[in-house]
Amino acid sequence: MKLPIYIQTGQQNGEVTLNSKIFNIEVNQGLIHEALRLQTNNGRINYAHTKNKANIRGGGAKPFRQKGTGHARQGSIRNPHYKGGGVVFGPTNERNYTLRMPVKQRRKALFSCLSAKLKDKEILILEDYTISDNNKIIKTKNIKELIDNLKVERKGLFVLPERNELFKKSCNNLPNVKSILVNYLNVRDLLTYNKIIFFKNSLSKLEEIFLKKD
């Protein structure tokens, strides 16, 4: 499968052949769903926590005597039906939501997602990005201009071959644009963003990382 390579002005400059082992496999929607569920669950922080009867202070003595009051007998003000008492079957932060998934399945899910994106024509290849400004600082307006030149509508994800803090910070100022290292390519970002823009050098890095033998 071949895709055109674009320069930052939006003009086409040659073609590149994509690796069929990554971009042309049978799409497995079930595996993509499992990988997304794995990623969201493992990133979950369990804040919700309620106290049960054993965690409530007080209640060392009976609230009133057993007989002669006309009320039902009570053993402790920590009981759930009392205001300020313990919660029955409430959420606790001891619950573990972590899931596991074999490495080969995670990679196949990623490749399935990339293949689906390619079939939907949602992958672009960018030759490189350079600036001719004298101060050599990438600005948000430069990234916005790049997005407009590439005709990226809605949300765009840049896949970088190596760390570039200036490029990353400039993307962060745009609400629907994000940059990510090819090492951290994941299913959730691929599903979130409508256009995936690979730098040309990211393709070889992608093969080097995800096609290596275990």
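Every number in this text was worked out from the coordinates using simple rules, so none of it is lab data. Nothing here was measured: the structure is a model prediction, and the numbers come from that model. For neighbour counting, all protein chains shown are included, and Cβ atoms are generated from backbone atoms with ideal geometry for every residue, glycine included.
List of remarks:
- Using a cutoff of 8 angstrom between alpha carbon atoms and counting only pairs six or more residues apart, the relative contact order for the chain works out to 24 percent.
- Charge context of Asn52, other residues only, Cβ under 15 angstrom, K/R +1, D/E -1: +4
- Projecting the Cα atoms of Thr92, Asn173, Ile143 onto the charge dipole of the chain (Cβ charges, centred on the Cα centre) puts Thr92 farthest toward the positive pole.
- Nearest-20 debye value, the range 92-207 charge dipole, Cβ charges on Lys, Arg, Asp, Glu: 420
- Within the chain, DSSP assigns beta bridges of which about 20% are antiparallel (rounded to the nearest 5).
- With distances taken between every two different alpha-carbon atoms, the range 137-214 has a Kirkwood hydrodynamic radius of 13.0 Å.
- Given +1 at the Cβ of Lys and Arg, -1 at the Cβ of Asp and Glu and no other charges, the dipole of the range 45-96 around its Cα centre is 300 debye to the nearest 20.
- Shape analysis of the range 35-146 based on the Cα gyration tensor places the equivalent ellipsoid semi-axes at 61, 22, 11 Å, largest first.
- Extent of the range 45-96 along its three principal axes (Cα atoms, max minus min coordinate, largest first): 50, 16, 14 Å.
- Across q = 0.14, 0.15, 0.18 Å⁻¹, the range 16-67 modelled as identical point scatterers on its alpha-carbon atoms has Debye log10 I(q)/I(0) values of -0.69, -0.73, -0.84, in the order of the q list.
- Taking 0.36 nm per residue of separation and subtracting the current Cα-Cα distance, fully stretching the chain between Asn93 and His81 would add 2.0 nm.
- Placing unit charges on the Cβ atoms only, positive for Lys and Arg and negative for Asp and Glu, gives the chain a dipole magnitude near 1800 debye about its Cα centre.
- Degrees between helix 200-210 axis and first principal axis of the chain (Cα, 0 to 90, nearest 10): 50
- Charge context of Arg37, other residues only, Cβ under 14 angstrom, K/R +1, D/E -1: +3
- Neighbour-limited loop hits for GluC sites (Glu not before Pro), the range 5-84 (at most 15 other Cβ within 10 Å; DSSP other than H, G, I, E, B): Glu26
- A simple spin-label model places pseudo-atoms 7 Å from Cα toward Cβ; at Tyr47 and Lys121 they are separated by 4.2 nm.
- Net charge of Cβ neighbours under 12 Å - reference Asn201; Lys, Arg +1; Asp, Glu -1: -3
- Three principal axis lengths of the chain [C-alpha, angstrom, descending]: 94, 43, 28
- Loop-located chymotrypsin sites (Phe, Trp or Tyr not before Pro) in the range 86-192 whose Cβ has at most 15 other Cβ within 10 Å (DSSP): Phe89, Tyr97
- Loop-resident trypsin sites (Lys or Arg not before Pro) (DSSP state other than H, G, I, E or B) in the range 1-96 with no more than 15 further Cβ atoms inside 10 Å of their Cβ: Arg44, Lys51, Arg57, Arg65, Lys67, Arg73, Lys83, Arg95.
- Extension reserve of the Lys62-Leu181 stretch, reckoned as 0.36 nm per residue once the Cα distance is removed: 36.6 nm
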